[in-house]
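Have a look at the structure below, then the notes.
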Amino acid sequence: MEVVILADADEVGRVVAAAVEALIARRPHAVLGLATGSSPIPVYDELVRRHRCGAVSFARATAFCLDEYVGLPTGHPESYRTVIERVFTGRVDLPAESVHAPDGGAADLVGAAHSYDEAIATAGGVDLQLLGIGSDGHIGFNEPGSSLASRTRLKTLTARTREDNARFFGSVDEVPRHVLTQGVGTILEARHLVLVALGSGKADAVAAAVEGPVTAMCPASALQLHPHATVVVDETAATRLRLAPYYRETYASKPEWQGL
Ligand code: F6R
């Protein structure tokens, strides 16, 4: 696992966007895994800027969202399908029909979850999966206790995650209890995992994920099992990392051609 500690959210956005741009340059039909929430916003803003300058086109790319709330009406402003279009895919040339999200409105949620994993496999798997991390260590909406081999399925959000996400809804009572989320096992099949964490509120979760034991109690710790996982954090999210000096030294002396 590579840990990259950067000054602030803007630099995180630039470094991760450069990795996405390099992927698309190598592989214009790349499959992107997209996270919602606030952490990837600087990355999306930077990708939109680069797209507007003509540096990158997503016209041949495909995207799969990590997760979706269950039961929100189609077009609800906080449905992750709506959010990803608002913050990223609708601002670049990624065709709407190439953007996928689990169907949180399906009558058959088990079938919808299964079909989602199949659709990812049919697309050839995810090349680069962007991830945030919950303050409780979740990735996607795999809350503590999630099987590290899990597939896309229905999950119940913890009270803490619903409180964390209440800022998007107005009140905690409006945050759905249930979600469809890619499983930890599904996420681990992506060829490159890039986890972004910003702010002091993520410092404990980042330390547990990177330097703690691999455990279902911190689903993000499963990144330790992945052959190409990159954790990109700002200074405030890095404060609990014991090996921070080593991570800084490694990144500072990294050959530029290696990218992330
Ligand atoms: C969102 C997702 C979640 C978030 C996590 C952090 O698609 O999968 O795991 O990444 O809850 O959210 P923010 O970035 O809003 O702190």
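The values are calculated or read from the model by the stated rules, or taken from the named source; none is laboratory data. Note that this is a predicted model, so its numbers are computed, not measured. To get the accessible areas, we keep the full protein, side chains included, count just its heavy atoms, and leave off ligands, DNA and RNA. Shrake-Rupley method; radii C 1.70, N 1.55, O 1.52, S 1.80 Å.
Brief remarks on what is shown
- Choice from Val231, Val196, Val172 showing the highest fluctuation, given a GNM over the chain with Cα pairs closer than 10 Å: Val172
- Residues whose amide H comes within less than 5 Å of that of Ser150, counting only those at least five positions distant or on another chain, are Val184, Gly185 (H built at 1.01 Å from N in the peptide plane).
- The chain, accessible surface, carbon-and-sulfur percent (1.4 angstrom probe): 54
- Amide proton proximity set for Cys65, modelled H, under 5 Å, gap of 5+: Leu34, His100, Ala101
- Based on C-alpha pairs under 8 angstrom that are at least 6 apart in sequence, the chain has a relative contact order of 24 percent.
- Along the range 102-111 the Karplus relation, 6.51 cos²θ - 1.76 cosθ + 1.60 evaluated at θ = phi - 60°, assigns HN-Hα couplings of x, 8, x, x, 5, 5, 10, 5, 5, x Hz to successive residues, with x for each Gly and Pro.
- Taking every DSSP helix (H) stretch of at least 4 residues in the chain, weighting each as -39,500 (n - 2.57) and dividing the sum by the residue count yields a mean residue ellipticity at 222 nm of -10000 deg cm²/dmol.
- Among Tyr116, Tyr246, Tyr44, residue whose mean-square fluctuation peaks in a GNM of the chain (springs only between Cα atoms under 10 Å): Tyr246
- Residue with peak Gaussian network fluctuation, the chain [Cα springs, cutoff 10 Å], from Gln129, Gln224, Gln182: Gln224
- Extension gain, Cys53 to Ala22, is 9.6 nm, computed as 0.36 nm per intervening residue step minus the present C-alpha separation.
- Share, in percent, of DSSP beta bridges within the range 2-258 that are antiparallel, nearest 5: 30
- Hz values of 3J(HN,Hα) by residue in the range 47-55 - Karplus curve (6.51, -1.76, 1.60), Gly and Pro given as x: 5, 5, 4, 5, 5, 5, 7, x, 7
- Annotation: amide H of Met217 within the under-5 Å range of Gly145, sequence separation 5 or more or interchain, hydrogens built in the peptide plane.
- Evaluating 6.51 cos²θ - 1.76 cosθ + 1.60 at θ = phi - 60° for every residue in the range 2-18, the Karplus couplings come out as 9, 10, 10, 9, 10, 4, 7, 4, 5, 5, 4, x, 5, 5, 6, 4, 5 Hz, glycine and proline recorded as x.
- Accessible area per residue in Å² at 1.4 Å probe, computed on the chain: 43
- Dividing the C-alpha radius of gyration of the range 2-258 by 2.2 N^0.38 Å, with N its residue count, gives 0.94.
- Computed from the Cα positions only, the extents of the range 9-137 along the three principal axes stand at 42, 32, 27 Å, in decreasing order.
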